[in-house]
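Here is the structure we will look at, set down as structure tokens.
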Amino acid sequence: MSVYQNKVYLASPFFSDGQKDRINQVVELLKQNPTIESDGIFIPQDHQFESEPFGSFKWQDAVFASDMRQVHKADVVVAILDYQLEEGLTEPDSGTIFEIGSAHEANIPVIMVQFGENSELNLMLARSYTAFFNGKADIQHLKDYDFNNLEQRYTEKKVL
């Protein structure tokens, strides 16, 4: 009997080396998971509509439309909340938050991942996830999480 393999939209900032490193770590774990389609992980940084100048209206429109289409095509959104972790800041990036809200509104499960363990969590994010992986050791469990069953997985982060 074959196992259904889910398509993933990976919501995350990708503006620094640290952010890209966290993306790579999460992607490698997801690719080891038998309930994830390893070729079905949409990584927005790889789809930036290079045919238009960065920041131009056409670039903005095309990237936004593509990302929203991919969020809604995904079986699940995996969101990396760490933004400026290297600077000691723990607030997630606004684009990731927008993608989480879009997924939640479309009834697409959201799996949250945070490398920085000592942060607080905004109420809106705290009520919109299906599973939360908190800290480098806990994130390793992404490779074993059943994305078909989607068991609720809580975090003990302080909510504000």
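The values are calculated or read from the model by the stated rules, or taken from the named source; none is laboratory data. This is a predicted model, so every value here is computed, not measured. Because the Cβ atoms are built from the backbone with ideal geometry, glycine has one as well, and the counts that use them run over all protein chains shown.
From the set of residues in the stretch 139-160 that are over 20 Å from Asn6 (Cβ atoms) and surrounded by 14 or more Cβ atoms within 10 Å (Cβ to Cβ), which is modelled with the lowest pLDDT? Full working, then the answer.
Within the stretch 139-160, the subset over 20 Å from Asn6 (Cβ atoms) is 154-160.
Within this subset, residues satisfying the condition of being surrounded by 14 or more Cβ atoms within 10 Å (Cβ to Cβ) are 155, 157.
Details: Thr155: 92, Lys157: 89.
Per the stated criteria, the residue is Lys157.
Quick one: which strands (runs of 3 or more DSSP E) sit completely within the stretch 58-145 and have at least 2 residues that are within 20 Å of Ser16 (Cβ to Cβ) and in contact with a strand residue (DSSP E or B) (Cβ under 9 Å, 6 or more places away or on another chain)?
Result: 76-80, 110-114.
Restricting to the stretch 60-102, name every residue that is over 26 Å from Leu160 (Cβ atoms), surrounded by fewer than 19 Cβ atoms within 10 Å (Cβ to Cβ) and touching a residue at least 24 places away in the same chain (Cβ under 8 Å).
Answer for the stretch 60-102, where residues must be over 26 Å from Leu160 (Cβ atoms), surrounded by fewer than 19 Cβ atoms within 10 Å (Cβ to Cβ) and touching a residue at least 24 places away in the same chain (Cβ under 8 Å): Met68, His72, Lys73.
Give me the residue from the stretch 18-38 that is charged (D, E, K, R) and out of contact with any helix residue (DSSP H, G or I) (no Cβ under 9 Å at 6 or more places or on another chain) and, out of that set, surrounded by the most Cβ atoms within 10 Å (Cβ to Cβ).
Step by step, filter the stretch 18-38, then rank; the result is Glu37.
If only one of Glu105, Glu117 is surrounded by fewer than 16 Cβ atoms within 10 Å (Cβ to Cβ), over 13 Å from Tyr9 (Cβ atoms) and either among the β-branched types (Val, Ile, Thr) or modelled with pLDDT of 95 or more (or both), which one is it? Spell out how you get there, then give the answer.
Details: Glu117 fails: either among the β-branched types (Val, Ile, Thr) or modelled with pLDDT of 95 or more (or both).
Answer to the check: Glu105.
Run down Phe42, Phe57, Phe49, Phe64 and say which single residue is farther than 17 Å from Gly116 by Cβ and at pLDDT below 90.
Being farther than 17 Å from Gly116 by Cβ and at pLDDT below 90 holds for just one of Phe42, Phe57, Phe49, Phe64, which is Phe49.
So in the stretch 9-55, with the set limited to residues that are of a type in the set (S, T, N, Q) and part of a helix (DSSP H, G or I), which one is nearest to Phe98 (Cα to Cα)?
Gln45
Assuming Val3 fulfils every condition listed in (1) in contact with a Pro (Cβ under 6 Å, 6 or more places away or on another chain); (2) not in a loop (DSSP other than H, G, I, E, B); (3) not hydroxyl-bearing (Ser, Thr, Tyr) apart from one, which condition is it?
Of the numbered conditions (1) in contact with a Pro (Cβ under 6 Å, 6 or more places away or on another chain); (2) not in a loop (DSSP other than H, G, I, E, B); (3) not hydroxyl-bearing (Ser, Thr, Tyr), the odd one out for Val3 is (2).
Among (1) touching a His at 6+ places or on another chain (Cβ under 8 Å); (2) hydroxyl-bearing (Ser, Thr, Tyr); (3) over 27 Å from Val159 (Cβ atoms), which single condition is Ser102 missing?
The single condition Ser102 does not satisfy is (3).
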